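Notes follow the structure.
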Amino acid sequence: MFLSINEMQLGRVRFSETFAPGVIDFFDPQLRQATPIVTAGAAQLTESTLEIVVSGTFSTTMEVSCDRCLESAARPIEASFTLSYLPAAAAPETGDPPSRAPSWKSASMKATVSS
C-alpha cells in the first residue's frame, strides 16, 4: 500500500486494502493467517508540524496450534490503529546519520484490539 504525500497535501487520503494469507510474514511458523486482512482508514498530513497520521481498522482470523492438544485454534481479530510519523528532523534521535532527502520516522503507534 502506498500513500502519496502529494495527495495528503491536498487533503485526507482514504484507503481500503485487503492482504491475502501468506502475503505478510509474521515471523512465527506457529501463527497462521486464516482469512484475508481487511483494512480501511485515512491518512492526513498536518501542515504545521508535517506529521503524517494514519488511522483505521483491520480485521482477520488467525490460527495457532494449541500447545496442550495440538489442535488448530482460530481467533478472530478486529482492531483500530493510529500511526504517527514525524519528519526525521523532528523525530527522537536514533543514532542514524541524517539524510538529505525529506523522510519520516514512526514516532508512535497505538493499536486497540477488541475481543
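Structural remarks
- Any hit, the range 16-32, residues being in contact (Cβ under 8 Å) with a residue 24 or more places away in the chain and on the phi > 0 side of the Ramachandran plot: no
- Among residues of the range 44-78, those that are under 28 Å from E7 (Cα atoms) and either part of a loop (DSSP other than H, G, I, E, B) or in contact with a His (Cβ under 8 Å, 6 or more places away or on another chain) (or both), counted: 4
- Positions within the range 1-26 being among the acidic types (D, E) and within 13 Å of I52 (Cβ to Cβ), in sequence order: E7
- Residue match in the range 17-39 (condition: modelled with pLDDT under 90, surrounded by 15 or more Cβ atoms within 10 Å (Cβ to Cβ) and out of contact with any Pro (no Cβ under 9 Å at 6 or more places or on another chain)): no
- Of the residues making up the range 17-34, those that are within 17 Å of T57 (Cβ to Cβ) and part of a loop (DSSP other than H, G, I, E, B) number 1.
- Cross-chain or 6+ apart pairs with Cβ under 7 Å, the range 55-67 first and of a type in the set (V, I, T), then outside any strand (DSSP E or B): T60/T35; T60/P36; T61/A34; T61/T35; V64/Q30
- Any hit, the range 95-112, residues being in a strand (DSSP E or B) and at pLDDT 90 or above: no
- Boolean, R14 is more than 17 Å from the chain's Cα centre (by Cα) and either closer than 20 Å to A79 by Cβ or in a strand (DSSP E or B) (or both): no
The values are calculated or read from the model by the stated rules, or taken from the named source; none is laboratory data. Keep in mind the model is a prediction, meaning the values are calculated, not measured. Quick reminder, even Gly has a Cβ in these numbers, built from the backbone with ideal geometry, and neighbours come from all protein chains shown.
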